[in-house]
Amino acid sequence: MHDLAFVRANLPLVEEKLRLRGADLSLLSGFSTLDTERRSAITEAETLKAQRNALSAEFGRLKREGGDVALVGAQTSALKEKTEQLEALAAAADLKLRELLEALPNLPHDSVPAGTSEHDNLCQKTWGEPTTFDFPARPHWEIGEELGILDFERAAKISGARFVLQFGSGARLERALANFMLDLHTREHGYVEVLPPSLVNSESLFGTGQLPKFESDLFYCVNKKIFEIDRDYSDPSSGIAIEELDRIRSQAGTANHWLIPTAEVPVTNIFRDETIDLSAGSISFAAYTSCYRSEAGSHGKDTRGMIRQHQFQKVELVKFTRPEDSYAEHEQLTRHAETVLERLGLPYRRMLLCTGDMGFSAAKTYDLEVWVPGQQTYREISSCSNFESFQARRANIRYKPEGAKKAEFVHTLNGSGLAVGRTYLAVLENYQQADGSVRIPLALQPYMNGETVITKQSLGRTL
């Protein structure tokens, strides 16, 4: 979220930055009017309060002296009524301004290239040569199904489309990747491992910017008891008072929750409404969780395989930094994600996203894209973003600079380190062999119980 005073003082700049993002500028159309109304109402209310204070003093003097207080009392009451009207007007304008500011995306950093789509992103580096074979490369879904380690059909029977079952060495490979990533980030890169909840409240999703704008991308979990209470008793004709309804709800258990789309949400909100100590430098967390996304609007895209699943696993990196450190930390976080790919021997490229392709909350984003030879293309495997103070302002996360009298908002960063499922499919496609087996990268072999090659699994068959 943006600072009201900053937008007021830099409105032309804000409009230009939002134009570069392709944002709807009509969101700002009523800003100046609302801001003027709010400030005028506050100023007039303060003036009337001063007048009321003077009249109150006069009222007291007259009463002590036995004088007529009727006129002064009437004037005081009129001023009070007018003041309350102005305060209500200011509060309404303030609410509308907050809603307006909440709907605005973050402003792109000056180093972000202007553009309208992914076609305007800039390739900043490549690592490794795209893998080639002397046999036709196959996509991961064919490799995994033939080996018996992936089963999309039975997963669809259990849960529907965009889910997968993993078996045997395939399931172990997923676990090996997660353990390898966590060990790398905690032992070598200095992150503290954290295991957060997978269910979060609405305040957490607001803090990181998923709500209210991206509600359709999320899975909402309804507490059945609360649903039934609201259905049966919320109607005024039920005769249940609000206080009694709240008591019944509290006895029913916890409120409704959302499944996390990424560990960024619970981990960033660890410090919501807190002032943290950054005197020793940034705070860095690494979290391994399942992630859940409805993939709204992705119908017909990546329907085969593991690219766009409703449930997938990810190792997420989150940093809380001082503003002056955040862009150096952004480069470092991105390098940490790249190191995973390099240790696994997976060719990739780093893309600097343009203004029109960045996420709502980001000020600057690098995407890492891994080469997948079975599809003859690069696929996004990590997105590393600096949000500056955008999320911290929404979540009220502050720190106190050395020597400062008041606390300021921190800068937050996060990136996938990496998306485990997409790393999994990249391993299958880059390490496939002519006989259909898959070599296990050297970095993962210590986690694979002595296996060096994944061969066809024998799991039993139904008749």
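Points worth noting:
- The residues on offer are A23, A57, and the sole one that is small (G, A, S) and farther than 24 Å from A103 by Cβ is A57.
- Among the residues of the stretch 376-393, those that are open to solvent by 10 Å² or more (accessible area, probe 1.4 Å) and either at pLDDT below 95 or of a type in the set (F, W, Y) (or both) comprise Y378, F387.
- Residue check for K125: at pLDDT below 95 and either closer than 30 Å to Q432 by Cβ or open to solvent by 100 Å² or more (accessible area, probe 1.4 Å) (or both): no
- L177 surrounded by 14 or more Cβ atoms within 10 Å (Cβ to Cβ), in contact with a Ser or Thr (Cβ under 6 Å, 6 or more places away or on another chain) and modelled with pLDDT of 95 or more: yes
- Taken together, the criteria exclude S169 from residues that are surrounded by fewer than 16 Cβ atoms within 10 Å (Cβ to Cβ), of a type in the set (S, T, N, Q), touching a strand residue (DSSP E or B) at 6+ places or on another chain (Cβ under 9 Å) and more than 27 Å from G281 (Cβ to Cβ).
Listed here are the residues, each with its yes/no results for (1) among the charged types (D, E, K, R); (2) over 19 Å from G207 (Cβ atoms).
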site	(1), (2)
W371	no, yes
E380	yes, yes
S389	no, no
I397	no, no
K400	yes, yes
G403	no, yes
V410	no, no
G417	no, yes
R422	yes, yes
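- Residue within the stretch 135-153 that is in a loop (DSSP other than H, G, I, E, B), touching a residue at least 12 places away in the same chain (Cβ under 8 Å) and within 26 Å of T365 (Cβ to Cβ) present: no
Residue-by-condition table, conditions (1) touching a helix residue (DSSP H, G or I) at 6+ places or on another chain (Cβ under 6 Å); (2) at positive phi; (3) of a type in the set (A, V, I, L, M):
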residue	(1), (2), (3)
R39	no, no, no
V69	yes, no, yes
K80	no, no, no
L107	yes, no, yes
V112	no, no, yes
T116	no, no, no
T131	yes, no, no
E142	no, no, no
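- Looking only at the stretch 171-211, and only at residues there that are of a type in the set (V, I, T) and outside any loop (DSSP other than H, G, I, E, B), the one that is farthest from R335 (Cα to Cα): V200
- Residues of the stretch 253-284 satisfying the condition of being part of a helix (DSSP H, G or I), open to solvent by 20 Å² or more (accessible area, probe 1.4 Å) and among the aliphatic types (A, V, I, L, M): I270
- Answer residue from the stretch 23-73, given it is among the basic types (K, R) and open to solvent by less than 80 Å² (accessible area, probe 1.4 Å) and is farthest from F6 (Cα to Cα) among those: R52
Residue-wise test of (1) at pLDDT below 95; (2) exposed (fewer than 14 other Cβ atoms within 10 Å of the Cβ).
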| site | (1), (2) |
| --- | --- |
| A395 | no, no |
| E402 | yes, yes |
| E408 | no, no |
| R422 | no, no |
| L428 | no, no |
| R439 | no, no |
| A443 | no, no |
| P446 | no, yes |
| R461 | yes, yes |
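- Looking across the stretch 149-162, just one residue is within 23 Å of Q432 (Cβ to Cβ), open to solvent by 20 Å² or more (accessible area, probe 1.4 Å) and either of a type in the set (A, V, I, L, M, F, W, C) or in contact with a Ser or Thr (Cβ under 8 Å, 6 or more places away or on another chain) (or both), and that is F152.
- Qualifying residue in the stretch 52-71 (condition: in contact (Cβ under 8 Å) with a residue 40 or more places away in the chain and among the aromatic types (F, W, Y)): no
- Output for the stretch 99-120, where each listed residue is assigned to a helix (DSSP H, G or I) and in contact (Cβ under 8 Å) with a residue 60 or more places away in the chain: L100, L101, E102, A103, E118, D120
- Of everything in the stretch 326-344 that is touching a strand residue (DSSP E or B) at 6+ places or on another chain (Cβ under 8 Å) and farther than 22 Å from R175 by Cβ, the residue that is surrounded by the most Cβ atoms within 10 Å (Cβ to Cβ) is L333.
- Any hit, the stretch 94-113, residues being modelled with pLDDT of 95 or more and open to solvent by 70 Å² or more (accessible area, probe 1.4 Å): yes
- Exactly one residue out of E388, E451, E408, E380 is over 27 Å from the mean Cα position of the chain (by Cα) and touching a residue at least 24 places away in the same chain (Cβ under 8 Å), and it is E451.
The values are calculated or read from the model by the stated rules, or taken from the named source; none is laboratory data. On a predicted model such as this, the values are computed, not experimentally measured, just so you know. All Cβ positions, even for glycine, are placed from backbone atoms using ideal geometry, and neighbour counts span all protein chains on display. Side chains included, ligands, DNA and RNA excluded: accessible areas come from the protein's heavy atoms. Shrake-Rupley method; radii C 1.70, N 1.55, O 1.52, S 1.80 Å.
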